[in-house]
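Here, each number is a calculation from the coordinates, and none is a lab measurement. Please read these numbers as outputs of a predicted model, since none were measured by experiment. Using ideal geometry, Cβ is built from the backbone for each residue, glycine included, and neighbour counts are taken over all protein chains shown.
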Amino acid sequence: MLIVSEEACKAVIDRAAAFTAVESVFGAMARGDAYNFPVIREAIGHADALYGFKSGFDRAGMALGVKSGGYWPGNAAKGLTNHQSTIFLFDPDTGQLAALVGGNYLTAMRTAASSSVSIAHLARRDAKVLGMVGAGHQAAFQLRAAAEQRDFERVVAWNFHPDMLPALGKVAEEIGLPFEAVERERLGAEADVIVTITSAHDSLLMRDWVTPGTHVACMGTDTKGKQEVDPALVAAATVFADEVAQSVSIGEAQHAVASGALAESAITPIGAVINGDHPGRTSDDEITLFDGTGVGLQDLAVASVAAKLAEERGEAQVVAL
Ligand code: NAD
């Protein structure tokens, strides 16, 4: 059995590895080769914590396991990350525990890989301006991953807490992109690709602000009641999701579907585009929207690669069962 620490994950998983793992498992999901089990998420009545697990099996990648963890709001005061998770991988042939893998860094990497897979497959080739809505922990990972997918010339950004924007500006500077904090209307008017990654419970981006041809990756909404964009924007877009069942229940599309503005049947799994079974974007004027809700199979996919590489490179601790 392997133990792969957070540090070991950082040493072996880069953006390219995360992208390949996530793209491949989205393809497997759309083919029916991989499926997620129902998600459990509970308020445990201690430390204000939300705890749960996401699990699944990828028959193509032979990844079986569970990500367990959640959100402990008091952690920051203790110098710890509020989101905490660990991934358990099992041998699909025997059920034996194969690896314990730190899940904090991998969660950020697989979430950023998800939106960047959507940009790679759905954004206009000539996209030049990247819009960021959100500037928290995940936003930095999102910005770095998104920036690699097109020849972006600049970044425009907005955040509910403006004091958090300079830190995101530093990330843009590190990757050589001019960065400007702007109002939301201007962000919508100028951006060719928009990534939303906030914990908002209201529309931050209205339909009328977003111009034809934009690709929007909604990444923050992963729970019932959360919301980042105008349901009219979702209804006006061609909508893709990591998993349609999650998109309509806990994802961004939950609101447009509940109001009847969007039919569940109109949402396409992005894996269908990856597999060549759906054309994806069909015109330069189309608004495409990716609802990235975050599925357990993404975690298992990157954790499997991390465990394999860490073992090969002597970064994993080997423990007898
Ligand atoms: P964070 O706490 O570091 O940052 C939160 C962000 O939300 C900041 O930009 C903050 O300014 C903004 N925000 C807070 N309250 C707001 C409000 N009322 N209105 C608008 N914006 C508000 O969190 P993070 O780790 O960066 O995560 C951001 C979001 O992404 C969370 O909602 C998290 O649950 C979600 N998430 C999704 C996935 C996925 O796979 N889809 C994975 C990880 C995290």
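Amide H contacts for ILE194 (H built 1.01 Å from N in the peptide plane; partners 5 or more residues away or on another chain; cut-off under 5 Å): GLY131, HIS215, VAL216, ALA217.
Spacing of the modelled spin labels on LYS170 and GLN96, each 7 Å from Cα toward Cβ, amounts to 4.6 nm. Entry note: the chain has Rg to Rh equal to 0.96, where both radii use alpha-carbon atoms and Rh is the Kirkwood radius. Note on LYS170: aspartates and glutamates with a C-alpha under 13 Å away, same-chain residues under 8 apart excluded, are GLU180.
The distance separating the Cα centre of the range 146-216 from that of the range 34-77 comes to 29 Å. Could you sort out which of LYS67/LYS226; LYS128/LYS308; LYS10/LYS54 sit more than 32 Å apart by Cα distance in this structure? In this structure, LYS128/LYS308 exceed 32 Å between Cα atoms.
For the range 124-294, taking the reciprocal of the average inverse distance between every pair of different Cα atoms yields a Kirkwood hydrodynamic radius of 15.8 Å. The stretch between ARG31 and HIS201 holds 57.9 nm of extra length on full extension. This uses 0.36 nm per residue minus the Cα-Cα distance.
For the range 124-294, averaging the sequence separation of C-alpha pairs within contact (under 8 Å, six or more residues apart) and dividing by the residue count gives a relative contact order of 21 percent.
Dividing the C-alpha radius of gyration of the range 77-159 by 2.2 N^0.38 Å, with N its residue count, gives 1.43.
Computed from phi, the 3J(HN,Hα) profile of the range 258-275 under the Karplus parametrisation 6.51, -1.76, 1.60 (θ = phi - 60°) reads 4, 7, x, 6, 9, 8, 3, 5, 7, 8, 10, x, 4, x, 5, 6, 4, 7 Hz, with x in place of Gly and Pro. Considering only GLU286, GLU252, GLU183, the Gaussian network model of the chain with Cα springs below 10 Å gives its largest mean-square fluctuation to GLU183. 3J(HN,Hα) along the range 280-292, derived from phi through the Karplus expression 6.51 cos²θ - 1.76 cosθ + 1.60 where θ = phi - 60°, amounts to x, 5, 10, 7, 6, 9, 6, 8, 9, 9, 9, 9, x Hz, with x in place of Gly and Pro. Highest GNM mean-square fluctuation among HIS137, HIS278, HIS161, for the chain modelled with Cα contacts below 10 Å: HIS161.
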